[in-house]
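None of the figures in this text is laboratory data; all of them are computed from the coordinates on show. If you're wondering where the values come from, they're calculated on a predicted model, not measured in any experiment. Positions of Cβ are generated from backbone atoms using ideal geometry, with glycine treated the same way; all protein chains shown enter the neighbour counts.
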Amino acid sequence: MKGRSKHMTREQVAAALANVLDLDDTGTHDAFDLFLGTPIDDPYLESIRMECLEVIRNDSKPAKGKDLGPGAERWARDKLGELQEPR
């Protein structure tokens, strides 16, 4: 349905980035896929989601066995660090 957005917390976005970087023990990237799939109701977190989509779109192809290209992986690690900093 158009116009729908989801509520996500800063911690959930950080967990989604950790998920795509394989820093959790899930063995999947489901949390990251959910993060990318639907707009977020928080404007700051939505800006991170949109930036992530743009970085992925403009990055080179991932190496075999990777889900992100090198630039997107670096961006995700940097953004994860920012999200984990105390406010």
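Of Leu23, Leu45, Leu36, which is the most mobile in a GNM of the chain whose springs link Cα atoms less than 10 angstrom apart?
Comparing Leu23, Leu45, Leu36 in a Gaussian network model of the chain, the most mobile one is Leu23.
What list of ³J(HN,Hα) couplings, whole Hz, do you get for the stretch 55-64 from phi and the Karplus terms 6.51, -1.76, 1.60, once you set θ to phi - 60° and write x for glycine and proline?
In residue order, the calculated couplings are 4, 4, 4, 9, 7, 6, 5, x, 5, 3 Hz.
Charges at C-beta only: +1 for Lys and Arg, -1 for Asp and Glu. How large is the resulting dipole of the chain about its Cα centre, in Debye rounded to 20?
Details: 13 positive and 17 negative charges, 61 e Å.
The dipole magnitude comes to about 300 debye.
Normalised by the number of residues in the chain, what is the relative contact order in percent for Cα pairs under 8 Å and 6+ residues apart? Mind dumping the intermediate values first?
On the way: 81 pairs, mean separation 26.4, N = 87.
Once divided by the residue count of the chain, the mean separation gives 30 percent.
Over the chain, what lengths in whole Å, largest first, do the semi-axes of the equivalent ellipsoid take, defined as the square roots of 5 times the eigenvalues of the alpha-carbon gyration tensor?
Values: eigenvalues 80, 46, 35 Å².
Whole-Å semi-axes of the equivalent ellipsoid: 20, 15, 13.
How large is the helix-only mean residue ellipticity at 222 nm for the chain, computed as the sum of -39500 (n - 2.57) over DSSP H runs with n ≥ 4, divided by its residue count, in deg cm²/dmol to the nearest 500? Walk me through the intermediate numbers first.
Numbers: 4 runs with 50 residues, N = 87.
Rounded to the nearest 500, the figure is -18000 deg cm²/dmol.
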